[in-house]
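Enquirer: Before anything else, here's the structure in question.
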Amino acid sequence: MLVSFSLKPLLATAVLVVTTLATAAPAQSTTLETVRKRDVLHCGTTTGFAGFSAPDDKGNWTGLDIDLCRAIAAAVLGDANKFKAVPLNSQQRFTALQSGEVDVLTRNTTVTQQRDTALGLISAGVNFYDGQGFMVPRALEITSAKQLDGATICMQTGTSNENSLADWARANNISFQPVVIENFDEVVNAFASGRCDVFTTDASGLASIRQSRMSDPDQYVVLPELISKEPLGPFVRQGDDQWLNIVKWTLQAMIEAEEYGLTSANVDEHKESANPNIQRILGVAGSAGRNMGLEAEWAYNIIKQVGNYGESFERNVGQASPLKLERGLNALWTNGGLMYALPIR
Ligand SMILES: N[C@@H](CCC(=O)N[C@@H](CS)C(=O)NCC(=O)O)C(=O)O
């Protein structure tokens, strides 16, 4: 009894302190509020990966992943140019998102269960379905990954490529010498100078490196085997569902615009469309924007200023680009691919 008597005032003070702290602590801003206040979206990108996220000669960032960043800026701030690319190597990217240095990661990041759960981060969709492959100098006359036993293999620190390669090598009884380097330019140079026989990463990455970083691309071949699934897409922080929705539905809007044939060139005509689905996408009807705290024109702004997913694909990595990648798995589901937009309704 005596003990409980003497503890009472202490407890009361503790409760008072906790209550005061709780009332005094300013409410934490949501990511949408932060971005609106700053009036610029911060996107985590690569340090320079042609076709996906790289600066051009004038320092303007372009690429498929940059278009996603621009689309989020268009949806949230009404202006696709209100973004800042924050270059991050593979190792730096997750801490930069965790710490709030960037609002979203739009950078060839594979969605894995671990990254989607254990890092305090969460996937907001897939904007490029890929797989891990190998590139070798033509002079080595290697035609299949099965011939890689004993090879020296270059890759970058902090990628899913390290583990996938180890798993594949073990399963296929292949021994190899890893050369793991943190800096992207250094790993590319190590391969170009012959310090390793093989470069392994996502097939899209290999195509990009071969085309944009090798002095004579014809001297290199990408082997036919893909050893893993690498679904690449944007990530945000856990605990901000509104922001997760905004990033997720920005990507869906780009894909759905392609499904309905809405392009940057024709979207204005479609504002008069009698199709209720198109009316909802363009904000002429329904409350899609309001549901996420955005203007009714959020998706119209994306399509008008950035274009639909197919336009972005062709311009950056497809037939109108140096990479000339096939749509493959990234074609719409109606054309045999995996791109299937969740409906905006
Ligand atoms: N998709 C894989 C690999 C992505 C990745 O970071 N690839 C390297 C390619 S070697 C890259 O983009 N490097 C560019 C950079 O660090 O700036 C992952 O998410 O771990």
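Enquirer: Please go through segment 31-58 and pick out each residue that is within 21 Å of the chain's Cα centre (by Cα) and assigned to a loop (DSSP other than H, G, I, E, B).
Expert: Result: 40, 46, 47, 48, 50, 51, 52, 56.
Enquirer: Related question: Taking interchain pairs and intrachain pairs at least six residues apart, which have beta carbon atoms under 7 angstrom, with the first residue in segment 90-113 and touching a residue at least 40 places away in the same chain (Cβ under 8 Å) and the second of a type in the set (Phe, Trp, Tyr) and within 14 Å of the ligand (Cβ to nearest atom)?
Expert: These pairs meet every condition: 97/235; 105/235; 108/49; 108/52; 109/235.
Enquirer: Output yes when any residue across segment 212-231 is in contact (Cβ under 8 Å) with a residue 40 or more places away in the chain, of a type in the set (A, V, I, L, M, F, W, C) and crowded, with 22+ Cβ neighbours inside 10 Å, and no when none is.
Expert: no
Enquirer: Shifting gears a bit: Name the residues in segment 117-156 that are part of a helix (DSSP H, G or I) and among the aliphatic types (A, V, I, L, M), would you?
Expert: 139, 140, 145
Enquirer: Kindly check whether there is at least one residue in segment 182-192 that is modelled with pLDDT of 95 or more, in a strand (DSSP E or B) and closer than 26 Å to residue 232 by Cα.
Expert: no
Enquirer: Mind counting the residues in segment 97-118 that are among the aliphatic types (A, V, I, L, M), over 16 Å from residue 243 (Cβ atoms) and within 12 Å of the ligand (Cβ to nearest atom)?
Expert: So the answer is 1.
The values are calculated or read from the model by the stated rules, or taken from the named source; none is laboratory data. None of the values given here were measured: they were computed from a predicted structure. Please note: Cβ atoms are built from the backbone with ideal geometry, for glycine as well, and neighbour counts cover all protein chains shown.
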